[in-house]
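Presented below is the structure to which this report refers.
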Amino acid sequence: MLKIINQAHQNPNNTAIVSAGKSYSYQALLDESQAFASILLANQADLSESRVAFMVVAGFDYVKVQWGIWQAGGIAVPLCTTHPLASLQYVIEDTATEIIVVSPEYEAILKDLATEKGIRLIVLGNLPTISIKSLPPIASTRRAMILYTSGTTNLPKGVVTTHNNLEAQISTLVNAWEYTPKDHILCILPLHHVHGIINVISCTLWAGGKVEFLPNFSAEGVFKFFSSKTTEDENLVFMAVPTIYFKLIAHFESLSNEEQRALSKDMKRFRLMVSGSAALPVSVMEKWETISGHRLLERYGMTEIGMAISNPYHGERRAGHIGQALPGVDVRLVDEENNIVPKGEAGEIQIKGANVFQEYWQKKEATENTFTEDGWFKTGDVAVDEDGYYKILGRSSIDIIKSGGYKISALEIEEVLRTHSAISDCSVVGIDNEEWGELVVAAIIVNDSSLDINALNTWMRERMPSYRVPRRYKIVDELPRNAMGKVTKNELKQLF
Ligand code: MCA
Ligand code: AMP
């Protein structure tokens, strides 16, 4: 039996999930996910790694569907609930999805595509009652999940993790950060990325704790959760990206002194607050400590590896640093020839361990290129070991942008911009921004001076998720280039 399912049997009567005002026990999750697996299987004995894409509201249904897919032997492909059709279609086509599962509110978005492609569509909400089937045995070496991440190629790649990979990612964190059945965590992160799926949901459920969902992030909603939990025998936990802490601080500062005092008191009761997915500015860490009494635990991870490096749960959480290798994860810093750099010198972070993904979905060459000959995963992040704590210095590629915790490829945005009839050339960069980490901006050369930037924005939002759409455009006559003709992006940044 899959370990996460096995773990759920340990605490059948505990509350597993709170969503849309209802509580669900582990037993309910087991029963309903098994029933859903039976629906997925229909007349088959095993989905045998069929890709099942699901666009489901964050909450009980999301986990039920995910566990149902796993128990039926399929590969879970979570879709972002706010992506435009073009981005959803890319994932569905790239994975050659065989079944699509949607919450009723998303049926209209994907119905025509499913019909056109002959993909089975399951709409939650009015499912037939069918008899529970016996479920297939699932080897932990099987593929479990595909998540899409941007890289130095223009289109996002599907990161394939096996059940073994996921179990390693989960159990390592559960031990390192001491999750317990008393944990009560708030989930406000999107559920098509590791941060929400693994660190928040899977680790908490593995430990027998409780996951409470808000459908999406709002500072008011988060603070309401913080101030409504008064039971002393629960361990409250919160995890978010730096942009969210920035937004929470801004909201906190807009409150009255009395409200602030009450909230600060409530926040002190938390067991743990974590930040990750992007660099946590020291200013944000310090302000948050002042208002919440919590020194954020900053950690470092990646879609391909889950979490790899973390500040200690017990011990010094050093500002501006990501900490040490997690147990079971091997970390090294290397130069361009993959030689380990002397202590104190900058090098690329490379990772080995059971946590490391299996492959990019049907991209053999990209998979080979991302590993060294002796099997180390090349992260593309540059760090230094400073007195036993790793510190991120930057990325080896200027074309990778992190904004709001999302990884974005400048090349992907450029490709799309270049297909606009009024744009003859362009270049996209990320510029430093305290709130978003980096802000996506674009320099464009136009061949039609009547180009309307608002219309361009709408046009872009139809083609890619809004967080990838440039926030600012600068119309230029030419792009700065070096002697080889390559755009000098550092120079370009100075224009913004
Ligand atoms: C949205 N807006 C932005 C951006 N995103 N502006 C600038 N830069 C951006 N990146 C604008 C919108 O256009 C809109 O403006 C306004 O902000 C509100 O948009 P909305 O989408 O509602 O924003 P939000 O809900 O406030 O979202 C901000 C967010 C979200 C909550 C920080 O970006 C988020 O959930 N980020 C987390 C991503 C994540 O989980 N990453 C983990 C992947 P207008 O109204 O003018 O249109 S990394 C990972 O998994 C690895 C393994 C790891 O290490 O964790
Ligand atoms: P993703 O591909 O979305 O999983 O993003 C992974 C990338 O996020 C890493 O390669 C890092 O560049 C970045 N990242 C994650 N955590 C941190 C952190 N604590 N500090 C700086 N960068 C981070």
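Just how much of E491 is accessible, in Å², when a 1.4 Å probe is used and the result is rounded to the nearest 10?
110 Å²
Work from the charge dipole of the stretch 83-220 (Cβ charges, +1 for Lys and Arg, -1 for Asp and Glu, about the Cα centre) and give the residue of G151, G208, G125 farthest towards its positive end.
Going by the charge dipole, the pick is G208.
In whole Å, what is the distance between the alpha-carbon centres of the stretch 370-425 and the stretch 109-127?
Using only Cα atoms to place each centre, the spacing works out to 35 Å.
Given charges of +1 on the Cβ of Lys and Arg and -1 on the Cβ of Asp and Glu, with all other atoms neutral, how large is the dipole of the stretch 22-111 about its Cα centre, in debye to the nearest 20?
Magnitude of the dipole: close to 160 debye.
Give me the accessible area per residue for the stretch 51-194, probe 1.4 Å, as a whole number in Å².
The answer is 35 Å² per residue.
Rounded to the nearest 20 Debye, what is the dipole magnitude of the stretch 362-455 about its Cα centre when Lys and Arg each give +1 and Asp and Glu each give -1 at the C-beta?
So the magnitude is around 240 debye.
Would you work out if the stretch 352-464 is rounded, prolate or oblate? Take a ≥ b ≥ c from the square roots of the eigenvalues of the alpha-carbon gyration tensor; rounded if a/c is under 1.5, else prolate when a/b is larger than b/c, oblate otherwise.
Prolate, because a/c is 1.5 or more and a/b exceeds b/c.
Treating cross-link reach as a plain straight distance, find the lysines whose alpha-carbon is under 18 Å from the alpha-carbon of K265, omitting any fewer than eight places away in the same chain.
Partners within reach: K224, K229, K287.
What full-extension length gain, to one decimal in nm, is calculated for A250 and T129 as 0.36 nm per residue of separation minus the Cα-Cα distance?
So the chain would gain 38.8 nm between A250 and T129.
Under the classification rounded if a/c is under 1.5, otherwise prolate if a/b is larger than b/c and oblate if not, where does the chain fall, given a ≥ b ≥ c as square roots of the Cα gyration tensor eigenvalues? Numbers along the way, then the final one.
Values: a/c = 1.40, a/b = 1.17, b/c = 1.19.
Rounded.
So if I place +1 on the C-beta of Lys and Arg and -1 on the C-beta of Asp and Glu, and nothing else carries charge, what would the dipole magnitude of the chain be about its Cα centre? I want it in debye, nearest 20. Please list the in-between numbers first.
Numbers: 47 positive and 59 negative charges, 166 e Å.
It comes to approximately 800 debye.
Taking K157 as the anchor, which lysines have their alpha carbon closer than 18 Å to its alpha carbon, excluding any fewer than eight residues away along the same chain?
Partners found: K363, K364, K378, K402, K407.
So for the stretch 390-460, taking the charge dipole from beta-carbon charges (+1 Lys/Arg, -1 Asp/Glu), which of I423, L451, N433 sits furthest toward the positive end?
N433
Could the peptides 139-146, 341-348 be put in order, highest first, of the mean number of other beta-carbon atoms found within 10 Å of their residues?
So the peptides 139-146, 341-348, ranked by packing, come out 139-146, 341-348.
Taking only protein heavy atoms and a 1.4 Å probe, what accessible area per residue, in Å², does the stretch 316-412 have with all protein chains in place?
Each residue of the stretch 316-412 exposes 48 Å² on average to a 1.4 Å probe.
Which of the listed residues, V56, V341, I401, is farthest toward the dipole's positive end in the chain, when Lys, Arg count +1 and Asp, Glu count -1 at the beta-carbon?
Positive-most Cα among the choices belongs to V56.
Taking all protein chains in place and a 1.4 Å probe, what share, in percent, of the accessible surface of the chain do carbon and sulfur account for?
Within the chain, the accessible surface is 48 percent carbon and sulfur.
Shape call for the stretch 388-449 from the C-alpha gyration tensor, a ≥ b ≥ c root eigenvalues: rounded (a/c under 1.5), prolate (a/b greater than b/c) or oblate? Let's see the in-between values first.
On the way: a/c = 3.24, a/b = 2.56, b/c = 1.27.
Prolate, since a/c reaches 1.5 and a/b exceeds b/c.
Per residue, how much accessible area does the stretch 1-41 have with a 1.4 Å probe, in Å²?
Values: 1810 Å² over 41 residues.
Using a 1.4 Å probe on heavy atoms only, each residue of the stretch 1-41 averages 44 Å².
The values are calculated or read from the model by the stated rules, or taken from the named source; none is laboratory data. Fair warning: this is a prediction, and the values are worked out from it, not measured in the lab. Methodologically, a virtual Cβ is constructed for each residue, glycine included, from the backbone with ideal geometry; neighbour enumeration extends over all protein chains shown. Heads up: the accessible areas ignore ligands, DNA and RNA and are worked out on the full protein's heavy atoms, side chains in. Shrake-Rupley method; radii C 1.70, N 1.55, O 1.52, S 1.80 Å.
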